Number of protein chains: 2
Amino acid sequence: MDEDILYHLDLGTKTHNLPEMFGDVKFVCVGGSPNRMRAFALFMHKELGLVEGEEDIKDICAGTDRYCMFKTGPVLSISHGMGVPSISIMLHELIKLLHHARCCDVTIIRIGTSGGIGIAPGSVVITDTAVDSFFKPQFEQVILDNVVTRSTELDKELAEELFNCSKKIPNFPALIGHTMCTYDFYEGQGRLDGALCSFSREKKLDYLKRAYEAGVRNIEMESTVFAAMCGLCGLKAAVVCVTLLDRLDCDQITLSHDVLMEYQRRPQLLISNFIKKKLGLCDQIS
Amino acid sequence: MDEDILYHLDLGTKTHNLPEMFGDVKFVCVGGSPNRMRAFALFMHKELGLVEGEEDIKDICAGTDRYCMFKTGPVLSISHGMGVPSISIMLHELIKLLHHARCCDVTIIRIGTSGGIGIAPGSVVITDTAVDSFFKPQFEQVILDNVVTRSTELDKELAEELFNCSKKIPNFPALIGHTMCTYDFYEGQGRLDGALCSFSREKKLDYLKRAYEAGVRNIEMESTVFAAMCGLCGLKAAVVCVTLLDRLDCDQITLSHDVLMEYQRRPQLLISNFIKKKLGLCDQIS
């Protein structure tokens with residue numbers, strides 16, 4: 001191709017010098033909410049002890065409102081919206097961006113929120129394998145009108161490394177487990193409080209308990225396609241999500257704003273410690 | 001339930017007086033981009049000739065960055081992000097909101113962007129039936145671990161009414177046709193320019209031509225679940241999308257900013273004329 005327009009990022013190979021803008025990227029962190037990914041970039045900037053002012057950390061994708069993107073040092077922070085289709089558009093264009101920018105040895109981590117199963121709200125789940133609604137470690141990709149099944153395995157060493165990192169943070173509840181990815185927040189996750197609901201409380205609990213027995217510790221909406229695409233493109237990938245509730249107890253998220261904010265910062269804290277360790281910037285506190 | 005928290009809209013039955021805030025809503029317009037839905041609300045406000053200043057049209061969901069919502073008179077304008085899961089979360093919470101607010105006789109219209117098949121870029125497609133990647137008029141909803149098939153038929157009378165409305169706008173290219181809804185923008189829509197591509201240009205064209213023969217005139221990523229959920233909940237629903245390119249010619253969206261903006265305003269213009277007609281505010285111009 002003469003020119004590659006990354007439409008949903010509002011970037012392109014003719015309009016932007018991608019190697020200059022992104023050539024030094026080593027860590028990409030992605031998450032659903034634009035505000036959260038901006039907060040992570042600002043937090044990371046402080047943690048890296050960088051000299052430029054934080055007012056320089058501007059949304060690189062400001063020309064579009066589909067996604068937000070921030071960069072501080074070797075760390076890129078990008079929002080991906082909610083659900084498999086939304087994150088997959090972003091990943092296609094991000095992977096092309098990393099290729100055009102000639103980045104190498106990139107680690108990509110999804111930091112998100114999720115519903116827990118049988119674990120205390122506020123726990124951070126580091127995913128070993130992403131599974132679908134049927135507890136299978138696979139992602140079904142429709143290509144033209146064929147269905148192709150892709151593996152959703154994540155980097156086991158990276159998951160272990162993150163888990164070891166978590167142990168060094170005081171009072172940090174973390175565990176390794178399977179993460180279930182669904183296409184729907186209500187009926188697909190067994191919630192009784194959606195606009196539509198055709199099953200009983202008993203059926204819901206039976207499903208969630210079977211998920212627990214299959215090794216699932218949390219539920220979110222992006223991990224399978226994230227694992228599949230990163231795996232196929234040779235990116236070292238991890239998924240780290242905090243749980244906002246225990247789905248065996250309830251369906252609604254009733255946390256106060258402050259508790260919600262504190263929970264959402266937990267994956268950010270873990271990843272910032274991990275990145276600092278990888279960069280040789282040891283955390284003096286822990 | 002004692003309280004219903006519409007988490008992703010940052011609204012709730014205890015914290016907000018939903019009948020007072022939304023009781024008069026008769027038209028709900030939804031679209032992917034927050035900026036576009038804000039622009040539509042401001043445009044609609046002007047078209048309705050309402051007296052309050054447009055500075056009063058604020059994002060009702062400002063407490064969250066998942067969706068944006070604006071209200072002017074009886075018209076609600078909401079963003080839904082990209083893809084089936086993202087719009088389905090919004091629809092669950094919107095439908096509960098309309099119920100709590102005791103709204104009746106509500107018409108809901110998705111105004112979006114899409115890729116055309118065999119029609120000129122800039123054409124506005126009014127959907128008669130939403131179809132899946134296999135050209136079938138159905139939506140597969142995973143409920144717990146069961147797959148349930150739902151109808152994706154839309155209101156035929158409403159589609160006809162919108163088409164008649166379009167004929168009264170000078171130089172307005174509109175047509176009625178099937179709309180295909182996919183889970184992926186790249187591999188799922190036969191694009192050759194994604195980060196992953198495993199098929200030839202011939203296979204792509206064969207697929208898109210078969211779609212055309214099946215009656216498909218445009219491709220987007222939300223219409224099947226939108227039609228299925230609105231149908232089940234008794235909402236009169238329509239999908240009106242402008243096409244940004246002809247997929248038989250190309251994969252990349254290379255329109256200039258100004259042309260893109262003009263195309264995006266076409267569904268807005270049609271819907272504003274339709275709403276004014278329904279409200280008895282005849283458009284003097286046409």
> Would you say B:E153 is facing chain A (nearest Cβ under 10 Å), over 21 Å from B:K278 (Cβ atoms) and either touching a strand residue (DSSP E or B) at 6+ places or on another chain (Cβ under 8 Å) or aromatic (F, W, Y) (or both)?
Replying inline: no
> Can you tell me which residues in the stretch A:31-62 are in contact with a helix residue (DSSP H, G or I) (Cβ under 7 Å, 6 or more places away or on another chain) and either crowded, with 20+ Cβ neighbours inside 10 Å or among the acidic types (D, E) (or both)?
Replying inline: A:G31, A:R36, A:F40, A:M44, A:H45, A:E47, A:E54, A:C61
> Any residue at all in the stretch B:130-141 that is free of Cβ contacts under 8 Å to residues at least 12 places away in the same chain, surrounded by fewer than 20 Cβ atoms within 10 Å (Cβ to Cβ) and away from chain A (no Cβ under 14 Å)?
Replying inline: no
>> Residue under question is B:T64, and the condition is that it be among the β-branched types (V, I, T), outside any helix (DSSP H, G or I) and without any contact (Cβ under 8 Å) to a residue 60 or more places away in the chain; does it hold?
In response: yes
>> If I filter the stretch A:71-79 for residues that are buried (at least 24 other Cβ atoms within 10 Å of the Cβ) and facing chain B (nearest Cβ under 9 Å), do I get at least one hit?
In response: yes
> Which residues, counting only those in the stretch A:116-152, are of a type in the set (D, E, K, R) and modelled with pLDDT of 95 or more?
Replying inline: A:D128, A:D132, A:K136, A:E140, A:R150
> Residues in the stretch A:165-188 that are more than 9 Å from every other protein chain (Cβ to nearest Cβ), under 19 Å from A:D246 (Cβ atoms) and touching a Ser or Thr at 6+ places or on another chain (Cβ under 6 Å): how many?
Replying inline: 6
>> Can you say whether A:R38 is facing another protein chain (nearest Cβ under 10 Å) and either outside any helix (DSSP H, G or I) or over 22 Å from B:E187 (Cβ atoms) (or both), as far as the supplied structure shows?
In response: yes
> Would you pick out the residues in the stretch B:1-21 that are facing chain A (nearest Cβ under 9 Å), in contact with an Asp or Glu (Cβ under 8 Å, 6 or more places away or on another chain) and loosely packed, with under 12 Cβ neighbours inside 10 Å?
Replying inline: B:M1
> Which ones in the stretch B:209-224 are surrounded by 24 or more Cβ atoms within 10 Å (Cβ to Cβ) and in a helix (DSSP H, G or I)?
Replying inline: B:A211, B:S223, B:T224
> Which one is farthest from the other protein chains (Cβ to nearest Cβ), of the residues in the stretch A:247-273 that are surrounded by fewer than 17 Cβ atoms within 10 Å (Cβ to Cβ) and either of a type in the set (D, E) or assigned to a strand (DSSP E or B) (or both)?
Replying inline: A:E262
> From the set of residues in the stretch A:97-125 that are surrounded by fewer than 24 Cβ atoms within 10 Å (Cβ to Cβ) and in a helix (DSSP H, G or I), which is farthest from the other protein chains (Cβ to nearest Cβ)?
Replying inline: A:H100
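The values are calculated or read from the model by the stated rules, or taken from the named source; none is laboratory data. These numbers were taken from a predicted model, which means no experiment stands behind them. With ideal geometry, Cβ positions are generated from the backbone for all residues, glycine too; neighbour counts draw on all protein chains shown.
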